[in-house]
Amino acid sequence: MSLLASRAQRARTSVHQPTRGYRVFQGVNGVILTLVVLVTLYPFVNIIARSFSGERQIRAGEVALWPKGFNLTTYKIVFHDSMFWRNYGNTVLYTVVSTVIAMVLTTCYAYVLSKKDLKGRGVLVGAAVFTMFFTGGLIPNYVLVTSLGLKNSVWAIALPNAISVFNLLVMKAFFESLPSELEEAAEIDGLSTYGILLRIVLPLSKAVIATMVLFYSVSFWNSWFSAYLYMDRTELMPATVYLRNLISGATTGGNAGAGTDQLSQVGANIQAVTIVLTALPILCVYPFVQRYFVSGVTLGAVKG
């Protein structure tokens with residue numbers, strides 16, 4: 001009996017103890033992932049270091065992972081400009097309004113397309129997919145927005161980019177993966193279509209909704225060309241256009257050879273400062289939604 005017990009104990013130990021090959025795999029995998037993390041982080045850390053470094057050290061290529069010739073000239077110029085804060089407020093407003101509109105339209109469209117018994121479903125899907133490959137062009141879009149009286153308003157940014165077809169297809173696949181029995185039971189209990197969507201479907205779709213909010217908010221936050229095209233007044237510009245104009249002014253001044261030490265400093269690290277200022281808010285928001293990111297993209301898209 002004791003012999004059998006000892007054999008069983010050795011068998012359990014051998015099952016739970018990793019083999020030598022598995023330990024080697026873990027070590028190699030850890031080294032590779034560490035290298036990937038370092039390669040990914042280095043450019044961003046370098047950008048942050050450049051944004052706080054002096055002009056001479058930047059132009060000499062001495063800045064790597066730590067600021068050299070610590071300098072806050074560019075940050076002071078940007079932060080002490082009241083127009084920057086006004087444009088930054090515009091960016092927040094445009095991002096929030098555009099994201100809300102995009103989420104409402106995308107969610108409603110995706111929910112409709114997820115119904116396989118819907119008449120004309122193929123036409124609606126085809127119309128959406130068609131826009132991924134063919135567009136009206138820049139000039140027709142500009143004429144359309146202008147003729148509708150949307151210039152110099154948030155609608156010129158929000159409405160033309162309200163639905164991303166990629167996000168639409170991801171949400172459609174997610175809704176299709178939900179059990180149809182839940183909606184049938186809710187319909188028997190007397191819920192309308194809107195009631196099913198609001199009280200049954202959306203509470204079960206927090207992952208994909210959080211992911212789509214992240215996608216849309218990042219897209220609208222970083223967007224500058226639409227505002228540059230449709231906004232005529234400086235006070236209506238977002239922060240991205242303000243920083244773009246600052247880069248252009250610093251570059252033009254440097255090329256003209258008429259720059260002071262301050263202008264030279266701005267020209268040396270304005271791009272790094274721009275990247276830090278535009279990426280920082282998204283980096284602060286991302287940790288709160290990252291747990292939904294993978295599940296929101298893959299749920300419904302992977303069929304087993």
Are there any helices (runs of 4 or more DSSP H) wholly within segment 112-190 with 1 or more residues that are charged (D, E, K, R) and either exposed (fewer than 10 other Cβ atoms within 10 Å of the Cβ) or on the phi < 0 side of the Ramachandran plot (or both), and if so which?
-> 121-133, 165-177, 180-188
Search result, residues across segment 21-64 that are surrounded by 11 or more Cβ atoms within 10 Å (Cβ to Cβ) and hydroxyl-bearing (Ser, Thr, Tyr) | TYR42, SER51, SER53
Mind listing whichever residues of segment 53-92 are part of a helix (DSSP H, G or I), farther than 21 Å from PRO238 by Cβ and basic (Lys, Arg)?
-> ARG56, ARG59, LYS76
Would you mind stating whether THR106 is in contact with a Leu (Cβ under 7 Å, 6 or more places away or on another chain), assigned by TED's automatic domain parsing to the domain that holds MET231, of a type in the set (S, T, N, Q) and not in a loop (DSSP other than H, G, I, E, B)?
-> yes
Quick check: is even one residue across segment 154-165 within 22 Å of PHE220 (Cβ to Cβ) and without any contact (Cβ under 8 Å) to a residue 12 or more places away in the chain?
-> yes
Does SER82 satisfy the criteria of being of a type in the set (S, T, N, Q), assigned by TED's automatic domain parsing to the domain that holds LEU243 and farther than 18 Å from TYR228 by Cβ?
-> yes
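The values are calculated or read from the model by the stated rules, or taken from the named source; none is laboratory data. Only a predicted model underlies this, so the values are computations on that prediction, with no experimental measurement involved. Methodologically, a virtual Cβ is constructed for each residue, glycine included, from the backbone with ideal geometry; neighbour enumeration extends over all protein chains shown.
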